[in-house]
Amino acid sequence: MTVRATGAGRRDSGAAALEMAIVLPVLVALCFGIIDFARILNAQIQLSQAAREGVRLAALGGTGYTAAQVVTRAQSAAPDPGFTGAAITVDAPAMCSSASAPTATASVTVHYTFTGILFPAQTFTQAAVMRCGG
């Protein structure tokens, strides 16, 4: 015995294609949003690490480290935060010297302009402060 398709089967013939056309853009946007968010999080973590690495050398400035070495160290700690090939920028660090008081502090501030797939370009800034002498 053969079963024939009724009128109900013919009415659903394009439903799957229509549902896919509605759902696919939402899924693609969701996937790219997750990727962008992960890149933002990675950039923030690398910036934080770069500021900490730089301020560690700045706090030991009395032992022979220079501001140029601090900047180079911070930049090498975050070579490519957002996976775009753009480098971070480092403000002139506040260095410690051998004559610094025990309560004096060193500071380093780093900046990075993130350009996302779905998110607009925005500049992230991280600063780190450490007491002189490490």
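For the subset of region 88-134 comprising residues that are farther than 12 Å from Ala51 by Cα and without any contact (Cβ under 8 Å) to a residue 24 or more places away in the chain, which member is surrounded by the most Cβ atoms within 10 Å (Cβ to Cβ)? Residue satisfying both the conditions and the ranking: Gln122.
Which residues, counting only those in region 83-98, are on the phi < 0 side of the Ramachandran plot and in a loop (DSSP other than H, G, I, E, B)?
First pass over region 83-98, keeping only residues on the phi < 0 side of the Ramachandran plot: 84, 86-98.
The answer is Thr84, Ala86, Ala87, Ile88, Asp91, Ala92, Pro93, Met95, Cys96, Ser97, Ser98.
In region 53-71, of all residues being β-branched (Val, Ile, Thr) and surrounded by fewer than 19 Cβ atoms within 10 Å (Cβ to Cβ), the one that is nearest to Ile88 (Cα to Cα) corresponds to Thr66.
Residues Ala68, Ala21, Ala50, Ala29: which one is of a type in the set (Gly, Ala, Ser), in a helix (DSSP H, G or I), under 20 Å from Ser107 (Cβ atoms) and more than 13 Å from the chain's Cα centre (by Cα)?
On the way: Ala21 fails: under 20 Å from Ser107 (Cβ atoms); Ala50 fails: more than 13 Å from the chain's Cα centre (by Cα); Ala29 fails: under 20 Å from Ser107 (Cβ atoms).
Result: Ala68 is the single residue among Ala68, Ala21, Ala50, Ala29 that is of a type in the set (Gly, Ala, Ser), in a helix (DSSP H, G or I), under 20 Å from Ser107 (Cβ atoms) and more than 13 Å from the chain's Cα centre (by Cα).
Within region 72-82, the residues that satisfy the criterion of being surrounded by fewer than 21 Cβ atoms within 10 Å (Cβ to Cβ) and assigned to a helix (DSSP H, G or I) are Thr72, Arg73, Gln75, Ser76, Ala77.
Computed from the coordinates by the stated procedures, all read-outs in this text should not be read as laboratory data. Because the structure is a prediction, the values reported are computed rather than measured. All Cβ positions, glycine included, derive from the backbone under ideal geometry; neighbour counts span all protein chains shown.
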